[in-house]
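Every read-out reported here was derived from the displayed coordinates using simple, explicitly stated rules and does not represent laboratory data. Just so you know, these numbers come straight off a predicted model, no measurement behind them. Cβ placement follows ideal geometry from the backbone for every residue including glycine, while neighbour counts extend to all protein chains displayed.
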Amino acid sequence: MTERTDSQEADSYGTGFFSRLKERLHRRLGVGRLDWLAGRRLDDELAEQLEDQLLLADVGVDATQRIIDGLRRRSTKNTEPGSESLRQLLRDILLEILEPRAHPLLIPTAVRPFLILMVGVNGSGKTTTIGKLAKRFSGQGLSVLLAAGDTYRAAAIEQLQAWGERNATPVISQEPGADPAAVIFDAFEAARARGTDVVLADTAGRLQTQAGLMRELEKIVRVAGSLDETAPHEKMLVLDASLGQNALSQAVEFHEAIGLTGIAMTKLDGGARGGILLAIADRLDVPFRFLGIGEHADDMEVFDAEQYVDALLEPHAAVEEGST
Ligand SMILES: Nc1nc2c(ncn2[C@@H]2O[C@H](COP(=O)(O)OP(=O)(O)OP(=O)(O)O)[C@@H](O)[C@H]2O)c(=O)[nH]1
Ligand SMILES: [Mg+2]
């Protein structure tokens, strides 16, 4: 893995977000072409066609229904809806779904150490996202410590150590097979003793059973709470956006088990259509914090609802290539 250049690094801290997002997000992202809306009224045929496009983009049945219902309700007030007004209505409705979920992760100065517990199924991008966050926070002048809470696989500890070396960030780890709650407990105590600002705790994505994994995460949360009753201060689910509706069921399951406070969506540079964020936003009141758009340390953006909706509705998307 190679590090990226300084100009790309500057970009990832806020400027040029939209152009970078468009450039990096996979061209499949989006609901597809909408020019066929031109000059048409919202009749049943149009509603059905739009419904198909939303479903293909992973928006899911419930959120798609909500969007189409919203369009029907509002467009009846409009006697002659042209293409722009329908498109504008659609944009408004998507924004109304995503805007309430746009709360950036803030690290209050009064909370030290600030413990971020990263959870998610195997391969979703937890360890990579920890590396990206460590770089981001260090760049903001915060001291960071990593906790190797995925003790299920020896390689997981090594992978986290590699990220620690890349960012010059200390890593607290124990032997493979150790109790993850104990590792995170130790890391939190060490961070407290050293005056560290942020602890990023990795966890396993797979145990023998999914129920076992949820019990382990519940225990970690309990043990962290015994050190500081407000910890973990962030319980962040890492979700692979290319999994489509499976990402929604994962979000529901993790939220029921430990009560999530944030979501990082990864692999939006892959084959994802991106509508899954609408499905999740429609179902769960959990903010989207970050978008992962690559494997490198700088390939992450803060979620912005307006820019995301514009990326979804951009005509550059899949249908142009005839790939739906
Ligand atoms: N294209 C792309 N790849 C990503 C992104 N985030 C992570 N990956 C890749 O996805 C793979 C899995 O990432 P990990 O960070 O190891 O996932 P994990 O959740 O820690 O997995 P386990 O430790 O097995 O539970 C790696 O090859 C990463 O490089 C992303 O935003 N875009
Ligand atoms: Mg991992």
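Structure notes:
- Unit charges at the beta carbon, dipole of the stretch 171-324: most positive-side option, V302, V252, I220: I220
- The stretch 276-283 - phi-based ³J(HN,Hα) in whole Hz, Karplus 6.51/-1.76/1.60, Gly and Pro as x: 4, 5, 5, 4, 5, 4, 5, 9
- Least to most buried among M300, M118 (fewest other Cβ within 10 Å first): M300, M118
- In a reduced charge model with +1 at each Lys and Arg Cβ and -1 at each Asp and Glu Cβ, the stretch 81-210 shows a dipole moment near 240 debye about its Cα centre.
- Look at D285, D52, D240 and count the other Cβ atoms within 10 Å of each Cβ; fewest to most, that gives D285, D52, D240.
- Angle of helix 154-167 to the longest C-alpha principal axis of the chain, folded into 0 to 90 degrees and rounded to 10: 80°.
- Karplus-derived HN-Hα couplings along the stretch 288-293 (A = 6.51, B = -1.76, C = 1.60, θ = phi - 60°), whole Hz, x at Gly and Pro: 7, 9, 9, 10, x, 10
- Separation in nanometres of the label points that stand 7 Å from Cα toward Cβ, at R215 and E229: 2.8 nm
- Residue order, fewest to most beta carbons within 10 Å, for I130, I172, I68: I68, I172, I130
- Rounded to the nearest 10 degrees, the angle from helix 180-194 to the longest Cα principal axis of the chain is 70 degrees.
- Semi-axis lengths, Å, the chain, gyration tensor of Cα atoms, sqrt of 5 times eigenvalues: 39, 20, 17
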